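Data block below; observations after.
None of the figures in this text is laboratory data; all of them are computed from the coordinates on show. Keep in mind it's a predicted model, so treat the numbers as computed, not measured. With ideal geometry, Cβ positions are generated from the backbone for all residues, glycine too; neighbour counts draw on all protein chains shown.
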């Protein structure tokens, strides 16, 4: 009987850990503003490396075409091209936004 109880407790612990991770992901899912800020910062840093003085302006223009989709536990930023094509430019999870440029 004790062996079955240990197995049952292990299952409960696994469930609680997975549920905790999912709740944490939901609570810390980055907002659209977080995506915009991260994209602007990535563009600014790239332009500083290249010596482009208009990096801030380009970053602001770029984020105008970005839309963010919230998938509850993570979010995705995409930029839409005119011909019904879209490109993923950022992925956000656990409070962080990763820019894919």
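For the peptides 28-41, 10-23, 68-81, residues were scored by their other Cβ atoms within 10 Å and the scores averaged per peptide; the highest-first order is 28-41, 68-81, 10-23.
The calculated FRET efficiency for residue 33 paired with residue 6, based on their beta-carbon distance and R0 = 41 Å, is about 0.30.
In percent, rounded to a whole number, the relative contact order of the chain is 28, using alpha-carbon pairs under 8 Å and six or more apart. Mean residue ellipticity at 222 nm, helices only, the chain: -18500 deg cm²/dmol; runs of at least 4 DSSP H residues each add -39,500 (n - 2.57), and the sum is divided by the number of residues. To the nearest ten degrees, helix 2-27 and the longest principal axis of the Cα atoms of the chain are 20 degrees apart. Between residue 72 and residue 17, the simple label model (points 7 Å from Cα in the Cβ direction) yields a spacing of 2.3 nm. Just to confirm the number: angle between the C-alpha axis of helix 32-50 and the first principal axis of the chain, 0 to 90 degrees, nearest 10? Helix 32-50 sits roughly 50 degrees off the main axis of the chain.
Between 0 and 90 degrees, the angle of helix 55-64 with respect to the longest Cα principal axis of the chain falls at about 60 degrees. Once you order the gyration tensor axes a ≥ b ≥ c over the Cα atoms, which shape class does the chain get: rounded for a/c under 1.5, otherwise prolate or oblate by comparing a/b with b/c? Taking the square roots of the gyration eigenvalues as a ≥ b ≥ c, the chain is prolate.
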